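Enquirer: Got a structure for you, questions after.
The values are calculated or read from the model by the stated rules, or taken from the named source; none is laboratory data. Nothing here was measured: the structure is a model prediction, and the numbers come from that model. FYI the Cβ positions are ideal-geometry reconstructions off the backbone, even for glycines, and counts take in every protein chain you see.
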Amino acid sequence: EEAHRIGLVQELAPTVDAGMARARELAGRVATRSPTAVAAFKHAVLQSVGHHGLEAEALAYEHCVDTGEAAIGRAAFAAIRNGEVPGWGPRILVGGDHADA
């Protein structure tokens, strides 16, 4: 409760089992997101310790925009607006080394 009060955690769970269920739910949501965006976010979080967070966020954003997944994301957004439900899955990105994604 103290960690929540001072802003170190965003949510409290009444039991360990409830906390683990919520963690699995959040992990499931993350698993549906762009692999490049997830990797960039994780990198930004780790790099922002002791640094200005917006700077790390800006670098992560630039990395994501420079990959082919940005175009895939825009196409997926357009598809959703047309009633389709595209999913994130394995894809081949052309034009660069994306092994760290």
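Enquirer: With the structure loaded, tell me whether Gly83 is loosely packed, with under 11 Cβ neighbours inside 10 Å, modelled with pLDDT of 65 or more and outside any helix (DSSP H, G or I) or whether it fails that test.
Expert: Considered against the rule, which asks whether it is loosely packed, with under 11 Cβ neighbours inside 10 Å, modelled with pLDDT of 65 or more and outside any helix (DSSP H, G or I), Gly83 comes out as yes.
Enquirer: Name every residue in segment 18-34 that is surrounded by 11 or more Cβ atoms within 10 Å (Cβ to Cβ) and β-branched (Val, Ile, Thr), in order of residue number.
Expert: Val30
Enquirer: Tally up the residues in segment 19-77 that are closer than 24 Å to Leu8 by Cα, aliphatic (A, V, I, L, M), over 15 Å from the mean Cα position of the chain (by Cα) and modelled with pLDDT of 75 or more, please.
Expert: Selection size over segment 19-77: 2.
Enquirer: Which condition from (1) part of a loop (DSSP other than H, G, I, E, B); (2) not assigned by TED's automatic domain parsing to the domain that holds Ala76 is the one that Val49 breaks?
Expert: (2)
Enquirer: Separate question: Restricting to segment 1-36, give me the number of residues that are within 28 Å of Gly73 (Cα to Cα) and part of a helix (DSSP H, G or I).
Expert: Selection size over segment 1-36: 12.
Enquirer: Name the one entry in Ala39, Ala60 that is assigned by TED's automatic domain parsing to the domain that holds Phe77, in contact (Cβ under 8 Å) with a residue 60 or more places away in the chain, surrounded by 13 or more Cβ atoms within 10 Å (Cβ to Cβ) and part of a helix (DSSP H, G or I).
Expert: Ala39
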